[in-house]
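Remarks on the structure that follows.
The values are calculated or read from the model by the stated rules, or taken from the named source; none is laboratory data. Not measured: the values here are computed from a predicted model. Ideal geometry is used to build each Cβ from the backbone, glycine not excepted, and the neighbour counts take in all protein chains shown. Quick note on the areas: whole protein, heavy atoms, side chains included, nothing else; ligands and nucleic acids left out. Shrake-Rupley method; radii C 1.70, N 1.55, O 1.52, S 1.80 Å.
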Amino acid sequence: MSLLKKLFLLDAVFAFSFTFANIYFGLDVAAFAFALSLFFNAALFGVLYFRLLKSDSRIAFSAAKKLFQYQPFAHLIAFILRRAGERGTSFAFDALSVCLWLLSFAASLAILRFFSEKRAASVNPAWKEFCKAKKRKGAAWLVFELLDWADALVQAVFMVMLFQIFFFQFYKIPSESMVPELLIRDRLMVSKITSGPKFPLTKVGLPTLKKYKRGDIVVFRNPHYSSGRKDEVKSVVSELVYMLTFTTVNLNVDSNGQVKADPLVKRLVGLPGEQLMMVNGVLYSRTKDSPQFAPVSQDASWANYDLSQSPARIKKFIQDFPIDQEGFQEMLDFERERDSMDISAAALECQRIARDFSRLSGRQALGQVKEDFLQESERGEFHMMREHYSIATKILSAGDVGAAWFNAFMTDWISSRQSNVKDGLYGGDLYADSNFRLNLMIKICVGNLIVRDCELMKAGVSYSEWRTDQRIRFLLESAQRLQNYVNFLDRRAMPIFPPNNADGSPDYIPDSCYFMMGDNRFNSLDMRHRYDDRLEPLSALDKFCVFYQSNMEPQFVSRDKILGTTEFRFWPRGRIGFLGRSK
């Protein structure tokens, strides 16, 4: 038996074994896997054994050659379909199917060598003639040219898809979260081969060889989206459709029909065994071996808060500047003021405000405090500063109940402040301490606004006239300054992550897990954040604290969600080169 016929037989064994591995007893999409695979292989080997090997037919030769070229792709589609059903598959079954696919792929590649002009004559002299293009004219020439181009494009799509699964993938930057390192429409080459690439919808693939380090720019699946088997099926199918339609149809959308931000490209900043915290834009970490938080010095080399200081060659391409140089300097000044606040002086100020309100209202803070007198939505810092007049009216109209609540709002924290101090910090860490101080600054501003409202009401000044009051205008300017800072708070700071255990002992990022952030910290929805805002208490140390709109919800990313690392930018032409040279 000739070598070619042995290869035909081997491929038939592997191909039909793969086909029968796709048998599925169910009434969903997975049932089509067996039908597709069976039909394709029956057509291929029918043409081969009943036409090509029994007669010298140009049509049979061309058909067999084309079918062998498409055999791996047809099997890949059947492989995906089989795993797209309601019932999943085991790792052992996936591994067997992958082995059969690989063996059939290898056999088809070996067979296709004999369909080349160089080797065809050694099999059958007539085959050599079949390899030469048949001359056509007119409409027939045009049709065959178009079909030939379409065939080449489809095969290229599948080959690129296979290449992207295991070796390299090209990624286009969609946002400014990594400015100034990466700009919108930058195109990157992502290396995947060392990051443990897997066959679609399985855990079968290459082992993870890459040892990730802090500072790596990684591409990973977005953990904000659900990642069940059905979601994975949709993701794989959408990628296949996206490529087959030459990027014109993208099915990878969320429930609102918006294209998902998946995958993501971010900077790896937190490692297994670390606990992180960020205050005033400085990232801190500690480990079991180094239990005290210390700044991560490397982070300062890529974290960016003031894009106005970017090099001119980068700055001209930046579309959004979240804060200008003057605003950023005001932020730094504000942080210094907050961090140097005298808490004892703040306590005296809060007591003074409570006394002034009691004097102006003629009410005493007597009886049990009704903690829910103002709902959380009414205690939002923005609402309290904007609607201070309405809140003052509500408190006054509630009599002693309102006076008792206002007194507690301003002074309840004072009695417990010393017990909340640990290692010289309120709450025991820099984040809790800074937010505790910020909470007091907002309460003092709101308290002074409410007291001034009471003074104007007592003086008979109408609501329409209070906007011209100099004291109100000064306090509203202070309120705006506070609001400006709160707007950036969740981009400028992060609580201890992972949070401490219930007994107060540290917890750490688990093995094989990492923490990622964008370099453009004021314009990056990353692993610090969820995708919706909720009212959250500004300080856990104050039962009557103000609330703020927050999307803070840090999470780490497991290694199996990392698709690869990127170090090289191949477009645009003027920015071609290795990453890390934008500053």
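Quick look at the numbers
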item	result
Criterion: closer than 23 Å to Gln319 by Cα and either modelled with pLDDT of 95 or more or of a type outside the set (Phe, Trp, Tyr) (or both) - qualifying residue of Ser226, Ser177, Ser195	Ser177
Residue within the range 469-477 that is in contact with a strand residue (DSSP E or B) (Cβ under 9 Å, 6 or more places away or on another chain) and closer than 27 Å to Glu371 by Cα present	no
Condition met for Ser37 (open to solvent by less than 60 Å² (accessible area, probe 1.4 Å), small (Gly, Ala, Ser), touching a Phe, Trp or Tyr at 6+ places or on another chain (Cβ under 7 Å) and assigned to a helix (DSSP H, G or I))	yes
Those residues of the range 98-127 which are more than 18 Å from Phe73 (Cα to Cα) and of a type in the set (A, V, I, L, M, F, W, C), in sequence order	Phe114, Phe115, Ala120, Ala121, Val123, Ala126, Trp127
Any pair with Cβ under 8 angstrom, 6 or more apart, that starts in the range 538-559 at a residue that is farther than 13 Å from Phe436 by Cα and ends at one that is hydroxyl-bearing (Ser, Thr, Tyr)	Asn551/Tyr531; Phe556/Tyr514; Val557/Tyr514; Ser558/Ser512; Arg559/Thr208; Arg559/Tyr212; Arg559/Ser512; Arg559/Tyr514
Residue within the range 105-112 that is closer than 26 Å to Leu206 by Cα, open to solvent by 70 Å² or more (accessible area, probe 1.4 Å) and at pLDDT 85 or above present	yes
Spans of helices (runs of 4 or more DSSP H) in the range 339-440 with at least 1 residues modelled with pLDDT of 95 or more and among the β-branched types (Val, Ile, Thr)	343-361, 388-397, 400-411
Flag for Ser344 being surrounded by fewer than 14 Cβ atoms within 10 Å (Cβ to Cβ), touching a helix residue (DSSP H, G or I) at 6+ places or on another chain (Cβ under 9 Å) and either among the small types (Gly, Ala, Ser) or more than 25 Å from Met457 (Cβ to Cβ) (or both)	no
Single residue of Lys65, Lys54 found to be more than 36 Å from the chain's Cα centre (by Cα) and either closer than 25 Å to Ser238 by Cβ or not in a helix (DSSP H, G or I) (or both)	Lys54
Contacts under 6 angstrom Cβ, first residue in the range 156-170 being farther than 16 Å from Ser195 by Cα, partner modelled with pLDDT of 85 or more and crowded, with 17+ Cβ neighbours inside 10 Å, 6 or more apart	Phe158/Phe73
Count of the range 477-510 residues which are surrounded by 14 or more Cβ atoms within 10 Å (Cβ to Cβ), assigned to a loop (DSSP other than H, G, I, E, B), touching a Phe, Trp or Tyr at 6+ places or on another chain (Cβ under 9 Å) and not β-branched (Val, Ile, Thr)	2
